[in-house]
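Enquirer: Just passing along the structure, written as structure tokens.
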Amino acid sequence: MYPISDTQRDRAVAHLQTQYAQGVIDEAELDRRLDMALEARDRAQLNSSLQGLARIAPQVLTRPSPGAPSPAENVGAGLVHLSAFITWCIGPAIAKAVAVPGTRMWWEAGRALSLQMMLGAIGFLSVLMAIVLGAGHLVAIAWLIWVAGTIVAAVRAFNGQSSTGVLGERLPLAPRDPRGQR
């Protein structure tokens, strides 16, 4: 017998009210189940008040569909991109070196490394052009492009998407699958 907390009881009541609001149960059923939930002394009694009503676990607790990245993989992929703010391309290079080939982390570390190398080349060229042309604003523009590109890639990775999107195929050092898959 496992006693229940007020928080657990409140969550059960809120779920029952949501089910009523969505038309899953009628008013009589809501009253019956609320009485059961409010009188419950242990987890088994509380569970019986919810019997037959599907509960959806929070996104963090649900298993991803086959082939979809897990929330932990998405966080790791996003952090690899954000590591560029501290280490430029070294963080993504280390992540790629230690990741298991073919995993989401390996792909995103490769994309992050390729993106940072390309953005670094743009920055280097803008410094050269600023020196030759005397146009210092080009360096500021290149810096803004680097910041924006890194943030956009990180947000896409955090959301489970390919961080570089369609740009990924055009990156010079983009990771390649020897079997032709991306």
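Enquirer: Please go through segment 139-161 and pick out each residue that is farther than 14 Å from Leu119 by Cβ, open to solvent by 40 Å² or more (accessible area, probe 1.4 Å) and touching a helix residue (DSSP H, G or I) at 6+ places or on another chain (Cβ under 6 Å).
Expert: Phe158
Enquirer: Return the total of residues in segment 81-106 being farther than 17 Å from Ala153 by Cα and surrounded by 18 or more Cβ atoms within 10 Å (Cβ to Cβ).
Expert: So the count comes out to 1.
Enquirer: I would also like to ask the following. Among all residue pairs at least 6 apart or on different chains, which show Cβ distances below 8 Å where the first residue, located in segment 1-26, is free of Cβ contacts under 8 Å to residues at least 40 places away in the same chain and the second is surrounded by 10 or more Cβ atoms within 10 Å (Cβ to Cβ) and among the hydroxyl-bearing types (Ser, Thr, Tyr)?
Expert: What qualifies is Ala12/Ser49; Leu16/Ser49; Asp26/Tyr20.
Enquirer: I've got another one for you. Hey, among the residues in segment 28-41 that are within 39 Å of the chain's Cα centre (by Cα) and loosely packed, with under 14 Cβ neighbours inside 10 Å, which one's nearest to Ile4 (Cα to Cα)?
Expert: Applying the filter and picking the extreme gives Arg41.
Enquirer: Determine if segment 107-130 includes at least one residue that is open to solvent by 40 Å² or more (accessible area, probe 1.4 Å) and of a type in the set (D, E, K, R).
Expert: no
Enquirer: State the number of residues belonging to segment 1-27 that are open to solvent by 70 Å² or more (accessible area, probe 1.4 Å), at pLDDT below 90 and in a loop (DSSP other than H, G, I, E, B).
Expert: 4
Enquirer: Conditions: (1) closer than 30 Å to Ala109 by Cα; (2) open to solvent by 60 Å² or more (accessible area, probe 1.4 Å); (3) modelled with pLDDT of 90 or more. Gly67 meets all but one. Number of the miss?
Expert: Unmet condition: (3).
The values are calculated or read from the model by the stated rules, or taken from the named source; none is laboratory data. Just so we're clear, the structure is a prediction, and the values are computed from it rather than from any experiment. Virtual Cβ from ideal backbone geometry, glycine too; neighbours counted across all protein chains shown. The area values use the complete protein model at the heavy-atom level, side chains included, leaving out ligands, DNA and RNA. Shrake-Rupley method; radii C 1.70, N 1.55, O 1.52, S 1.80 Å.
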